[in-house]
1. How much of the accessible area of segment 184-235, in percent, comes from carbon and sulfur atoms when a 1.4 Å probe is used?
2. Using a 1.4 Å probe, what is the accessible area per residue for segment 164-227, in Å²?
3. Using the scaling law 2.2 N^0.38 Å as the reference, what is the normalised Cα Rg of segment 218-265?
4. Could you tell me the calculated FRET efficiency between Ile216 and Glu8, based on Cβ-Cβ distance and R0 = 51 angstrom, to the nearest 0.05?
5. Check the straight Cα-Cα distances from Lys300 and name the lysines below 18 Å, setting aside those fewer than 8 residues away within the same chain.
6. Roughly what would the spin-label model give for Thr254 and Glu172, points 7 Å off Cα along C-beta, in nm?
7. Compare Trp184, Trp215 by solvent-accessible area with a 1.4 Å probe and give them largest first, with all protein chains kept in place.
8. Tell me, what is the FRET efficiency for Leu228 and Ile303 to the nearest 0.05, using R0 = 30 angstrom and their Cβ-Cβ distance as r?
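The values are calculated or read from the model by the stated rules, or taken from the named source; none is laboratory data. Because the structure is predicted, anything quoted here is derived from the model rather than measured. Cβ: placed from backbone, ideal geometry, glycine included. Neighbour counts: every protein chain shown. Ligands, DNA and RNA are excluded from the accessible area calculation, which covers all protein heavy atoms including side chains. Shrake-Rupley method; radii C 1.70, N 1.55, O 1.52, S 1.80 Å.
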Amino acid sequence: MAIQDYYEILQVSPDADSDTICAAYRRLRDQYDPEKLSGAAKELVELAQQRLAVIEEAHAALSDPQRRAQYDAQRRAASPVEEVLDYRPLPPAQHTERPRNFNPRPKLAQPLSTDQIAGPAVTVIAILAVVLVSIISALIMTGGGRTPIAAAPTATASMMDALETMIARAREFAEQNENDAQAWVDYANLLYDSVQIVREQAPESVLYQQRLPRWIEAAKAYERVLELDPENAVARGDLGASRCFYGAGSGDQTFVIEGLKDLEAAVAARPEDTRLLLNLGLCLSSVQPPRTEEAIEVWKRIITLAPTGSPIAVEAQRLIDQARK
């Protein structure tokens, strides 16, 4: 269920302190004071009153520390990404009027930390449509403040086409910098995301079957990462997940078993990484016959490690409930 974004209503950052929130409230309260519209059309006065009521509601929630903490928890659970305004220049208008659906305040989506949802960008958590926006909006950075491989698409670009372009450029960049582990991580992550999104939204679709080989492409890229950085447990876990998901989708248990070994090694190195645990449970449930009870125990560990009500804890409980049916 969507909740109102009180921070956006007050036009402040979620990290704003109480003084900043109060100052923003006073400014907006004055701006929407219905008395300033004396003599204006009745509809305008009513709109100002409605807006002021929403501003008062937001201020009441955020000015009380206890209520704010409760609201923040609800907000995090409702949205797995933190949206921030994108201050990059807007695409040129080309001397024409902007279309009616043009968004003058575009947002970027930033992934949560790895103890909530993390991964190649995100693994098997809900709200994957938002994840796609996150992937495409982000710049492919390879660390060290270097120039991004590709800029985010303009407002008129197809999101899927933009993602495919980013994959091609990331592959080219990795091949040109073959000893750069992070470049291979970036490329592998984009491949992983491009097929994982389809797997989560339409696992029985023709499109997913067409994209199955991308799991193998991603696995090869992660293998290159491990050649350059053998201790990278996250890359090993993503290699395992890629193999396992390919095996589950193609019916080839050889890949599932190989992927399970990689995931078990990654979890041994990072036993509290909830995303790796989530994928380990999924791989255990993909083995034939499924190792359901072991998968359930792994997902139970996530619930003990992750914050109560966090998206990954909710997903783990959903998987447990589904496995027990």
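1. Numbers: 1150 of 2240 Å².
The computed percentage sits at 51.
2. Numbers: 2950 Å² over 64 residues.
Result: 46 Å² of accessible area for each residue.
3. Numbers: Rg = 10.1 Å, N = 48, 2.2 N^0.38 = 9.6 Å.
Scaled against compact globular proteins, the figure is 1.05.
4. On the way: r = 42 Å, r/R0 = 0.82.
After rounding to 0.05, the efficiency reads 0.75.
5. Partners within reach: Lys325.
6. 3.5
7. On the way: Trp184 40, Trp215 0 Å².
Putting Trp184, Trp215 in descending order of accessible area: Trp184, Trp215.
8. On the way: r = 35 Å, r/R0 = 1.16.
Computed FRET efficiency for Leu228 and Ile303 comes out at 0.30.
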